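Structure first, commentary second.
Just so you know, all these numbers are worked out from the coordinates, no wet-lab data involved. Keep in mind that what you see is a predicted model, and the values were worked out from it rather than measured.
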Amino acid sequence: MELKQAIHARHAVRSYRRQKVDERDLRALLEAAVRAPNAKNEQPWSFVIVQNRSMLERYSEQAKKRLLAAADECDASARALLRGSFDPLHGACTLIVICGRKGDEFAEADCWLAAENLMLTACDLGLGTCPVGSLLPVLNSWTVKAELDIPEAVAAIAPVVVGYPDGPTVSPTPLGSQDLELLALNGA
């Protein structure tokens with residue numbers, strides 16, 4: 001796949017088959033991620049791959065509880081969704097957590113650049129991805145960090161679920177020339 005095709009084809013997938021990503025594809029994703037540009041050429045990232053179904057389900061439930069606790073500000077339909085079968089991980093069997101050093105002023109940006117390389121490569125491999133920011137409080141809790149061997153001096157920054165889309169996916173509507181002109185005017 002050409003880069004331009006991957007950029008236009010990549011989008012958040014929110015429904016996955018219950019199938020782990022194989023080791024060959026995981027290696028390709030990580031090889032792409034570590035080639036991301038980064039400030040000061042320090043490669044501040046580390047990666048945690050979670051494919052244990054019971055751990056993923058537990059993290060999903062913990063994230064739902066946190067979201068529901070904050071749902072007082074949400075409307076009734078959002079609260080109902082959170083109480084129902086909603087899965088913040090969208091059924092994916094693979095979670096890649098990109099972590100960075102605490103106190104590094106550029107670590108967050110660097111980790112998200114690595115995530116973008118990972119997501120574009122996943123698209124090229126026919127895999128779906130979705131960043132899952134609602135999982136960050138769970139991943140950065142001391143109990144989960146200990147379970148995943150994430151050192152105290154490191155924080156989870158960019159959690160991304162990866163997997164095989166369950167059914168057809170819908171690509172975002174491309175921006176028209178008027179939209180681009182409006183963006184240029186608003187950004188100036």
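Partners of Lys65 within straight-line reach, counting aspartates and glutamates whose Cα lies under 19 Å from its Cα and excluding those fewer than 8 residues away in the same chain: Glu57, Glu73, Asp75, Asp87. Every Cα-Cα pair in region 8-153 was counted, and those over 21 Å apart are 48% of them. As a ratio to 2.2 N^0.38 Å, the alpha-carbon radius of gyration for region 88-168 is 1.13. Using θ = phi - 60° in the Karplus curve 6.51 cos²θ - 1.76 cosθ + 1.60, the 3J(HN,Hα) couplings for region 2-13 round to 6, 4, 4, 4, 5, 4, 7, 8, 5, 7, 6, 9 Hz; x is entered for Gly and Pro.
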